[in-house]
Structure formats: C-alpha cells, structure tokens
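The values are calculated or read from the model by the stated rules, or taken from the named source; none is laboratory data. On a predicted model such as this, the values are computed, not experimentally measured, just so you know. Ideal geometry is used to build each Cβ from the backbone, glycine not excepted, and the neighbour counts take in all protein chains shown. Areas reflect the complete protein model, heavy atoms only, side chains present, ligands, DNA and RNA absent. Shrake-Rupley method; radii C 1.70, N 1.55, O 1.52, S 1.80 Å.
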Amino acid sequence: MSKASVLSHEWLSPGILLLQCDIPWNASLIDMIKKDEYKRDYKVIHSNTNTKWHKRSGVDYHITYLDQSNPFHLHYDKKIAQIFTESLAIYNQPFKAPGCIINKDYGYNILHYITGGDYPWHFDGYGSNTEVVGGMNLNSNFEGGIFEFNQFPIKITPKTGQLLLFPSGVTYEHRSTRIVSGDKFVLRARLGIK
C-alpha cells in the first residue's frame, strides 16, 4: 500500500474542509509548467480583454484531463488521483448522502497566477451545490493570493500542499486576491456526486 498523501485536515465551516498534503513532486511539476511541457490539449490565457465571464488578469490555465492516455503525464495523474481519493474519503465521512468522486469528464486544471494576477469573486457551479471544488496550492513562495469566501469569515494564506474542498454553489462564492510578487500555482478539480 502506498504512503498516505493527506497529513492532516480541519473543518473550517460546514462543507469547507482544509487538508495538508504531502506533495514532494510539486517542484518538478511547476518546472514542467514553466517550460510549457505540461498540457494535454490546449492552454487558454484569460485577461481583462478576452473573457466576458470574469474580469480576470494574469491567470494562465493549463488544461489537463484524467484519461491517463499519455504516459508523459501518468506519473503525476496517479499521484494527484491518490490525493483526491484520500481527501474525498475524509470529506464524505460526515455526510449520509452519496459521496463525491473525481469528475473525469472535467478532469483537473492548473492555474498559474503571475504578479498582478487575481481571480475576482465567483462561484464554480450553476447555482447549486451538486459538485465539490478542490484547489491545492503547489507552492507558497509568493506574496498575496489570499483565498477568501464571500459569505464566510474565512481567509486562507496559501501554503504548499494545502488542499481546500468546498461545494460549488453560489453560497460558496470565493476569490483569490492579487499577487503582489512571484507566481502562484494551483491545481484545481471539480468533483461530481456518485
């Protein structure tokens, strides 16, 4: 059996779970992203001028899918899947409802925030809490990029290996504040209900 990836966890509010994960591979993954080697199908740059949904700036999406068809990415896919499997087992414990699973139709993506980049207030679902969002910080050597919820008095200073799980609906509107200096890398997944 492989070593557990989740080191600790804490419920911050109903539905909001913060976990600390062991990710010794994060530096090599970030290096691949910086070299533009870690992408499957496409990469989209969001800025104030080319998106009508949110006024985002300095956010670079590296889109990845969990079909595991590319051996080049299989190493990371397995490690990421293990983290989400362990985390979801913890997340599902307090609930009697059906558990959450990795939504393979969506997969996961990596957000790269550059200096000056932010992600304004938004929610990830379509007004319901039928999905769970997972966001894991791949690094912490930057200033700014605080994660906040609009309707909860919760502000999270990013730490490497920190994973946050919460429902995707409008009640859990959130944002990432502006990056003052450095680059912030976040691995993000949407998790469906089985």
Let me spell it out: the conditions are (1) more than 21 Å from Ser5 (Cα to Cα); (2) in a loop (DSSP other than H, G, I, E, B), and Asp118 meets all of them except one. Which number is the exception?
(2)
Return only the number of the condition from (1) crowded, with 16+ Cβ neighbours inside 10 Å; (2) modelled with pLDDT of 85 or more; (3) within 14 Å of the chain's Cα centre (by Cα) that Ala81 does not satisfy.
(2)
Hits in the range 12-25 (condition: in contact (Cβ under 8 Å) with a residue 40 or more places away in the chain and either surrounded by fewer than 18 Cβ atoms within 10 Å (Cβ to Cβ) or within 22 Å of Glu148 (Cβ to Cβ) (or both))
Leu12, Ser13, Gly15, Ile16, Leu17, Leu18, Leu19, Gln20, Cys21, Asp22, Trp25
Hey, does the range 30-39 have a residue that's surrounded by 17 or more Cβ atoms within 10 Å (Cβ to Cβ), closer than 24 Å to Val132 by Cα and either at pLDDT 85 or above or under 17 Å from the mean Cα position of the chain (by Cα) (or both)?
no
Give Ile114, Ile146 a once-over and let me know the one that is at negative phi, open to solvent by 40 Å² or more (accessible area, probe 1.4 Å), in contact with a Gly (Cβ under 6 Å, 6 or more places away or on another chain) and modelled with pLDDT of 75 or more.
Ile114
Looking at Ile45 and the list (1) open to solvent by 20 Å² or more (accessible area, probe 1.4 Å); (2) modelled with pLDDT of 75 or more, which single condition is not satisfied?
(2)
Looking at (1) in contact with a helix residue (DSSP H, G or I) (Cβ under 8 Å, 6 or more places away or on another chain); (2) of a type outside the set (A, V, I, L, M); (3) part of a loop (DSSP other than H, G, I, E, B), find the lone condition where Lys159 falls short.
(1)
